[in-house]
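Working notes for the structure below.
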Amino acid sequence: MALAVLPTPLAALPCVDSYITDTSGEYVYYKDNTFRRKSYVGFLYYDDSAFAARYYAPADEKQKLPAKEISILVSVDTESNHFDITGEKFLTSISMDPQDADIVNYLHDLMFEFTERRQKVWDVSPETVDYTGISAKGTKKSLHSGASFSDRGVVIEEDYLQFGGKVKIYYDYLVPIFNVRKIVSADGTVMFEAATAGQLVSSADKSFTEFKGFPEDLFYPKSVAKELKSSNEKQSFIIRSANGSNQTIELDSLWQQSMDNVWFLGNSALLSVNVVSLPEANAEKEKYLNMLKRRMLLGTTGSYIVWQNLELTASDEEIRLSTYYYQNNSDSGAVSGSLTKDTKILTKMNESEYGFVSFTVFDEEYRKNHAYFDSVLNSYKVEK
């Protein structure tokens, strides 16, 4: 199972002791509202000495502006206490337009400033982001109970002229590289906000350079799916763990079993059930689960997780993620593609194992048959 094998973490930013260190190939994109056109800014971590930064703006028909892209690769002095750029390579063509030079300088400034500001925030961890303390029952109290995913974070008030002066910067250990979740101006306007994040799986993976943003009509169905005619006869499948705990799920004849723990519903949906083994040392278990949580928030090759519509809940017994993935199917400057609804659930089975169910379905299919698909997920049980 992909979640059970995590890439080797590296040290990442200079003089920053990150709770979860970045892994080679991790990236994050932000929607940057300081521009007059829809714009995204992304950062990619290769290793301590190499980072990429990219600006992308989709074509704007109203303003009659073509798509614009500027990508750079920078080398960094690993012995410096700052984000000191020692070399640079342009990955896209740079025109003589002064705006191109301004954008390159802007990317430089963001990498330097975000590093400097992150260095001053000593603790961005579950203790400061997720919890407020210990309840009377001895359990940790959630800091963001009922709050949206985008409002998580350690909030620091700062002066930042690039974003209009007085701002609030939200830091979250679940956001790769700089841990910056969003920047909000004094009047409450969101100036800069994480839109998606991902993990490149190989040198051939072009997911970072091929990201073209999310269309405005992302959640408007492009077609209407047919209503499923399910059968009342269902079969219970059991997935056993090494320590004797079981996971069960009930499926009807619409589902075809591909492997012992994988099922397909035609070309519409995919369901898998796995077991995740935790480290033996108790001190490492909580951090491992938080690393898994971050991995669950990353997109895969050619598939971009939509952080705008993401629900994440976590307790000692269960971590549940409900979100969408966008697959950009266009080779042109226009943004078009398909949307899938995705649910991942990690459930504690015993002190050394968690059950893991992953469910993906095309958005049009889910909208038409949401009661059916919800009943499938609701049939999932862990027998301890």
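Computed from label points 7 Å out along Cα-Cβ, the spacing between Ala371 and Glu88 is 5.9 nm. Taking 0.36 nm per residue of sequence separation and removing the Cα-Cα distance, the Ser338/Arg240 pair yields an extension gain of 31.8 nm.
Think of the stretch 146-251 as a dipole: +1 on every Lys or Arg Cβ, -1 on every Asp or Glu Cβ, centred on the Cα centre; then among Ala186, Phe163, Phe214, Phe214 lies furthest on the positive end. Straightening the chain between Asp60 and Lys120 buys 17.8 nm, computed as 0.36 nm per residue apart minus the Cα-Cα spacing. For the stretch 250-266, the Karplus equation 6.51 cos²θ - 1.76 cosθ + 1.60, evaluated at θ = phi - 60°, returns couplings of 9, 9, 9, 6, 5, 8, 10, 7, 9, 9, 4, 10, 9, 9, 10, 10, x Hz by residue, with Gly and Pro reported as x. Amide H to amide H distances under 5 Å link Gly153 with no residue, where only residues 5 or more positions off or on other chains count and H is placed in the peptide plane. Taking trypsin sites (Lys or Arg not before Pro) across the stretch 203-264, the ones in a DSSP loop with at most 15 further Cβ atoms lying within 10 angstrom of their Cβ are Lys206, Lys222, Lys226, Lys229.
Whole-Hz Karplus values for the stretch 306-311 come out as 9, 6, 4, 10, 10, 10 Hz, taken residue by residue from phi with 6.51 cos²θ - 1.76 cosθ + 1.60 and θ = phi - 60°; glycine and proline positions read x.
The lysines whose alpha-carbon is closer than 24 Å to the alpha-carbon of Lys234, local same-chain residues fewer than 8 away aside, are Lys226, Lys341, Lys344, Lys368, Lys381, Lys384. The slack in the chain from Lys166 to Ser379, taken as 0.36 nm per residue of separation less the alpha-carbon distance, amounts to 71.7 nm.
Rounded to the nearest whole Hz, the Karplus-based 3J(HN,Hα) values (6.51 cos²θ - 1.76 cosθ + 1.60, θ = phi - 60°) of the stretch 357-363 follow the sequence 10, 10, 10, 10, 8, 4, 4, with x at glycine and proline.
Here the dipole of the stretch 14-133 is about 780 debye; that uses its Cα centre as origin and unit charges on the Cβ of Lys and Arg (positive) and Asp and Glu (negative).
For every helix of n ≥ 4 consecutive DSSP H residues, a contribution of -39,500 (n - 2.57) applies; sum these over the chain, divide by its total residues, and give [θ] at 222 nm rounded to the nearest 500 deg cm²/dmol. All intermediate terms of the calculation are to be shown ahead of the outcome.
Working: 5 runs with 56 residues, N = 384.
Helix contribution divided over all residues of the chain: -4500 deg cm²/dmol.
Between Tyr324 and Val306, Asp342, the built amide H atoms are under 5 Å apart, and every one of these is 5 or more places off in sequence or on another chain. Spin-label model, Glu284 to Ser148: label points 7 Å out along the Cα-to-beta-carbon direction sit 3.8 nm apart. Heavy-atom accessible surface of the stretch 159-274, averaged per residue, reaches 52 Å², computed with a 1.4 Å probe. Recomputing Kirkwood radius over Cα pairs in Å from the coordinates shown identifies the correct label among [x] 21.2; [y] 22.5; [z] 24.8 as [y].
Where the centroid of each part is defined by its Cα atoms, how far is the stretch 254-294 from the stretch 20-66 in Å? Measuring centre to centre over Cα atoms gives 30 Å. Between Gln327 and Ser95, the modelled label-to-label distance comes to 3.4 nm, taking each label 7 Å out from Cα in the direction of the beta carbon.
Taking 19 Å as the straight-line reach from the Cα of Lys285, the aspartates and glutamates in range (excluding those fewer than 8 positions away in the same chain) are Asp22, Glu127, Asp130, Asp316, Glu317, Glu318, Glu351, Glu353.
Note down the magnitude of the dipole of the chain about its Cα centre, charges +1 on Lys and Arg C-beta and -1 on Asp and Glu C-beta and zero elsewhere, to the nearest 20 debye. Intermediate values should be presented prior to the final figure.
Values: 40 positive and 54 negative charges, 211 e Å.
Roughly 1020 debye for the chain.
A dipole drawn for the chain from +1 and -1 charges on Cβ atoms has a positive end, and of Phe51, Val201, Leu278 the residue lying farthest that way is Leu278. In terms of Cα atoms, the Rg and Dmax of the stretch 167-256 work out to 22.0, 58 Å. Straight Cα distances below 24 angstrom link Lys38 to the lysines Lys62, Lys64, Lys68, Lys166, Lys168, Lys182, Lys206, Lys212, Lys222, with same-chain residues fewer than 8 positions distant left out. Of all segments of the chain bounded by GluC sites (Glu not before Pro) found in a DSSP loop with no more than 12 other C-beta atoms within 10 Å, the longest spans 80-215.
Of Asn267, Ile94, Ser322, whose Cα points farthest to the positive end of the dipole of the chain (charges on the beta-carbon: +1 Lys, Arg; -1 Asp, Glu; origin at the Cα centre)? Result: Asn267, furthest along the dipole toward the positive end.
Using only alpha carbon pairs under 8 Å that are at least six residues apart, calculate the relative contact order of the chain and give it in whole percent. It would help to have the intermediate numbers written out before the result.
On the way: 774 pairs, mean separation 54.7, N = 384.
This gives 14 percent for the chain.
Once backbone amide H atoms are built at 1.01 Å from N, Gly299 has Ala197, Gly198, Gln199, Ile305 as its partners under 5 Å, excluding neighbours fewer than 5 places away on the same chain.
The values are calculated or read from the model by the stated rules, or taken from the named source; none is laboratory data. Note that this is a predicted model, so its numbers are computed, not measured. We place every Cβ from the backbone using ideal geometry, glycine too, and count neighbours over all the protein chains shown. SASA here: full protein model, heavy atoms, side chains in, ligands and nucleic acids out. Shrake-Rupley method; radii C 1.70, N 1.55, O 1.52, S 1.80 Å.
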